[in-house]
Structures are given as C-alpha cells and as structure tokens.
Amino acid sequence: MNDHSEKAFFLYLRSRLGDLKTTEKWTLEEESGRVQQIDGATPKVVLAKLLKPAGQLIEIGGKHLSLGRVTVSDAKWWEAAVRLMIFSTAIFLNSGPTESFAREVEFIVGNKKLLRRAFLLMEPTDETMSAGRYRDQQAAKNRQERWETTRAFFGSHCGKLPPYDHRGAIISLFSPDLREPFVGISRYKLYEMMHEMYVDLTKRGSYDLAPGELCPCNSGKTFQDCHQR
C-alpha cells in the first residue's frame with residue numbers, strides 16, 4: 001500500500017448494532033439530473049453509492065462485525081483495522097457501544113491527520129419507519145438511542161455534537177460544526193464537505209504522511225520503516 005497513486009478507497013466503521021435492514025426508500029439525484037430510487041437500503045448502501053465514482057466503500061468483516069469486503073479473523077482484526085484507517089481516503093463511522101469500535105475511535109482521534117478525514121454518521125429515521133413493521137420501528141428506535149450514546153462518547157473527544165435529528169447527518173469529527181443532513185444529501189454536497197477538510201478524493205489517505213514522520217500506529221518507528229513498507 002505504499003504506492004500513493006493507488007486508487008482511493010473509503011473505510012466504513014460501525015458497531016454490530018447498526019445497519020438493520022428496513023423498508024426505507026431512498027431517492028438519489030445524480031448531477032446529470034437522473035433520479036435513482038433505492039428500496040430497502042440502509043444509509044450505508046446510500047453512502048456507498050454516493051462515493052462509488054471516487055472509490056469503493058470498504059467494511060471490515062469478521063466475527064466482531066458482520067461480513068464486509070475485507071474478511072479477517074478476530075485475532076487479526078486490529079492489525080487490519082489499523083492499516084485500513086491509515087490508508088483510507090476518508091473514514092466514515094457509524095457509532096455504537098462496542099469495545100472494538102471504541103478502540104478504533106481512540107486510534108483515530110489520537111492522530112490529527114486521521115481525525116481530519118473522519119466523518120461521523122447520524123442515521124436518519126422517517127415516518128415510514130416509525131409507522132411501519134416491527135423491524136422498521138426497532139431500527140428507528142435503535143438509531144435514536146445509539147445517537148444519544150454517541151453524543152456522550154464523542155463529547156470528551158471531539159466537542160459537542162448536535163441532538164438527534166430525524167434527517168440524520170454526516171458530521172466532520174475534526175470540526176463538528178461542519179455537517180450536512182443525510183436525508184437529501186447529494187454527491188456534490190458530500191464531496192464538497194470532504195474537500196473542506198482537505199480530503200483528496202483521488203488518492204489514498206497516506207499521501208499526507210511524510211516518510212520520516214512517526215507512524216500513526218504508535219509503533220515508535222517512522223512511517224517509511226513501518227506501515228509504508
């Protein structure tokens with residue numbers, strides 16, 4: 001992964017409590033004006049579609065999380081997570097009260113370069129979920145409850161987060177005042193938000209790590225002698 005010209009990719013970190021399947025209906029409008037209707041998708045699916053022209057949205061998979069694009073054993077989870085966090089173009093977090101997620105967050109907020117390209121997802125809810133089948137109602141309830149836990153958890157790391165909004169949001173962890181409602185977000189708005197945090201959508205995130213600086217993994221080695229290899 002030391003080739004800075006390699007294609008950009010995005011990392012999706014979540015607890016196992018998120019992304020319950022629902023009957024949500026999403027309408028995405030492309031810059032061309034074409035409208036796409038997505039049925040039964042979670043916010044993660046919508047996010048992946050928005051990011052697709054720039055790069056793939058990758059999720060770590062294993063027993064501690066549901067299956068993802070990168071499947072690892074629990075024993076090798078942390079090693080894989082660190083490498084993906086260092087090299088991802090941007091990191092999207094869907095919070096939840098699990099030890100593995102908390103460890104990932106501690107790693108990100110401990111390094112300003114990783115924090116700059118990290119964005120927190122507040123999952124939206126709508127009337128169709130609250131009035132729908134039992135699974136939809138539970139998903140809506142879980143999203144709101146997890147957000148309150150998220151606010152308490154991140155409050156000591158990244159400052160004050162907004163109260164729950166049924167429209168959801170994508171929030172910069174580096175600068176929480178920089179955020180966009182998730183409902184109605186376009187590819188243009190999402191990309192512009194990342195650009196404001198100096199995220200280069202054409203490169204892997206490690207492009208701003210100098211070979212001679214300390215590696216973000218806290219090994220005490222320089223980047224060129226550690227994860228750049």
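Dividing the convex hull volume of the alpha carbon atoms of the stretch 122-200 by its residue count gives 93 Å³ per residue.
Only one residue of 171, 201, 182 has its Cα farthest out toward the positive end of the dipole of the stretch 71-229, where Lys and Arg carry +1 and Asp and Glu -1 on Cβ, and that residue is 201.
Seen from a random direction on average, the alpha-carbon convex hull of the stretch 77-150 projects onto 5.8 square nanometres.
Charging the Cβ of each Asp and Glu at -1 and of each Lys and Arg at +1, and nothing else, the dipole of the stretch 135-229 about its Cα centre rounds to 340 debye.
For 104, 99, 213, 196, give the ranking by accessible area with the largest first, probe 1.4 Å. Mind dumping the intermediate values first?
On the way: 104 0, 99 165, 213 50, 196 95 Å².
Solvent-accessible surface, decreasing: 99, 196, 213, 104.
When the pairs 112/141; 7/76; 52/113; 52/141; 25/112 are compared against a 31 Å limit on Cα-Cα distance, 112/141; 25/112 fall above it. Listed values for the stretch 171-176 are Karplus-derived 3J(HN,Hα) couplings in whole Hz (6.51 cos²θ - 1.76 cosθ + 1.60, θ = phi - 60°), namely 10, 6, 6, 6, 9, x, and x replaces Gly and Pro. Amide H to amide H distances under 5 Å link residue 58 with 10, 11, 12, where only residues 5 or more positions off or on other chains count and H is placed in the peptide plane. Ordered from largest to smallest accessible area (heavy atoms of protein chains, 1.4 Å probe), the residues 189, 52 come out as 52, 189.
Treating each Cα of the stretch 158-203 as an identical point scatterer and summing with the Debye formula, the log10 of I(q)/I(0) at q = 0.13, 0.24, 0.33 Å⁻¹ comes to -0.30, -0.90, -1.24.
The values are calculated or read from the model by the stated rules, or taken from the named source; none is laboratory data. The model shown is predicted, which means the values in this text are computed figures rather than measured ones. Heads up, the Cβs are rebuilt from the backbone with ideal geometry, glycines too, and the neighbour counts pull from every protein chain shown. Accessible surface areas use protein heavy atoms only, side chains included; no ligands, DNA or RNA. Shrake-Rupley method; radii C 1.70, N 1.55, O 1.52, S 1.80 Å.
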